[in-house]
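Since the structure comes first, as structure tokens, the remarks are kept for the end.
The values are calculated or read from the model by the stated rules, or taken from the named source; none is laboratory data. Given the structure is predicted, the values throughout are model-derived calculations rather than measurements. Cβ sites come from the backbone with ideal geometry, for glycine too, and all protein chains shown count toward neighbours.
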């Protein structure tokens, strides 16, 4: 169980790092899709609005990851916790992709 909580903590910290470290200055190098746009496309892309959405999503994912693992741990056996937690990590990305399409 110790490895599970280390993994959860690591993933939460990665999500927090994404939320806090990606900014307008380094997005040109770090954001997939944005880094392959031409200069004209970048000028038209609402990077400020997208980064607000991006940061909020990953900040919430960091919190959700940690809290969901605790709730799952208290509710289920270890194998089920791992499986459900993995599913809980995947499902929000469908929302992320759907909402990102408007940008």
note = For the range 73-93 the number of residues that are under 20 Å from residue 16 (Cβ atoms) and in contact with a helix residue (DSSP H, G or I) (Cβ under 8 Å, 6 or more places away or on another chain) is 4
message = So, residue 73, is that one without any contact (Cβ under 8 Å) to a residue 60 or more places away in the chain and in a helix (DSSP H, G or I) or not?
response = no
message = Within the range 1-33, take every residue that is more than 17 Å from the chain's Cα centre (by Cα) and assigned to a helix (DSSP H, G or I) and give me the one that is nearest to residue 101 (Cα to Cα).
response = 28
request  = With respect to residue 47, determine if the residue is within 16 Å of residue 32 (Cα to Cα) and surrounded by 11 or more Cβ atoms within 10 Å (Cβ to Cβ).
outcome  = yes
request  = Look at residue 15 and say whether it is modelled with pLDDT of 95 or more, closer than 18 Å to residue 4 by Cα and surrounded by 13 or more Cβ atoms within 10 Å (Cβ to Cβ).
outcome  = yes
request  = Can you run down the residue pairs with Cβ atoms below 6 Å, 6 or more apart or on separate chains, where the first is in the range 83-98 and within 19 Å of residue 73 (Cβ to Cβ) and the partner is in a helix (DSSP H, G or I)?
outcome  = 84/72; 85/69; 85/72; 88/68
key: All positions within the range 75-90 that are loosely packed, with under 10 Cβ neighbours inside 10 Å and either under 27 Å from residue 49 (Cβ atoms) or in contact with a strand residue (DSSP E or B) (Cβ under 8 Å, 6 or more places away or on another chain) (or both)   = 90
